[in-house]
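The values are calculated or read from the model by the stated rules, or taken from the named source; none is laboratory data. It should be emphasised that the depicted structure is a prediction, and the values quoted were computed from it without experimental measurement. Cβ placement follows ideal geometry from the backbone for every residue including glycine, while neighbour counts extend to all protein chains displayed. Accessible surface is based on the protein model in full, side chains and every heavy atom, while ligands, DNA and RNA are left aside. Shrake-Rupley method; radii C 1.70, N 1.55, O 1.52, S 1.80 Å.
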Amino acid sequence: SSFSVEKISDPKEMQQAIASMELEPEQQLVLENSVKNGDINMAWIQAWDNYAEDGDVLKFESQNYKITTTLMNKPVVFALPLAPGMNYVKVTGIHDGGGGITASVMTSSGATSVPVIDEGMSYTLPIN
């Protein structure tokens, strides 16, 4: 099954989301144009460690963009570019604080646990 996330529609919020990605100016321009043309949507992704806060780190990859984040029990929020329709976001375990990398993500239909993985393992998160 796939997860739905709310896309950013407010232009000001869109600017904030793109700015938060810390892209090179050239890449930022390309992304802004892709968003304007409707080729790319932006979404805020919330992820957190749903077990012990033990320093688990995950990398999320979508539309040639990568972000690595340390999971806390309090949700970490980051912007992710998504194509219209179905996206297959690659999630890779970077660091396991102990007992597997445990995480949840917030979707339009509520919190969803994602598979527990080890360092170096990946899975695909289907998001639309």
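Things worth noting here:
- Test: residue in the range 6-25 that is of a type in the set (Val, Ile, Thr) and more than 16 Å from Asn128 (Cβ to Cβ): yes
- Odd one out for Ser113, checked against (1) within 11 Å of Asp49 (Cα to Cα); (2) surrounded by 12 or more Cβ atoms within 10 Å (Cβ to Cβ); (3) not basic (Lys, Arg): (2)
- Counting the residues of the range 98-126 that are under 18 Å from Pro75 (Cα atoms) and assigned to a strand (DSSP E or B) gives 15.
- Contact map, the range 99-128: residues that are at positive phi paired with residues that are of a type in the set (Ser, Thr, Tyr) and open to solvent by less than 20 Å² (accessible area, probe 1.4 Å), Cβ distance under 9 Å, separation 6+ or inter-chain. Pairs shown: Gly120/Thr92.
- Filtering the range 5-21 to residues that are open to solvent by less than 50 Å² (accessible area, probe 1.4 Å) and under 25 Å from Thr112 (Cβ atoms) leaves Val5, Ile8, Met14, Ala17, Met21.
- The number of residues in the range 29-53 being surrounded by 15 or more Cβ atoms within 10 Å (Cβ to Cβ) and either touching a strand residue (DSSP E or B) at 6+ places or on another chain (Cβ under 9 Å) or under 16 Å from Glu6 (Cα atoms) (or both) comes to 15.
- Check on Lys59, among the basic types (Lys, Arg) and under 21 Å from Phe3 (Cβ atoms): yes
- Look at the range 61-86: where a residue is within 15 Å of Leu125 (Cβ to Cβ) and modelled with pLDDT of 95 or more, no partner that is among the basic types (Lys, Arg) and buried (at least 18 other Cβ atoms within 10 Å of the Cβ) sits 6+ places away or on another chain with Cβ atoms under 7 Å.
- Any hit, the range 30-49, residues being within 24 Å of Ala111 (Cβ to Cβ) and of a type in the set (Lys, Arg): no
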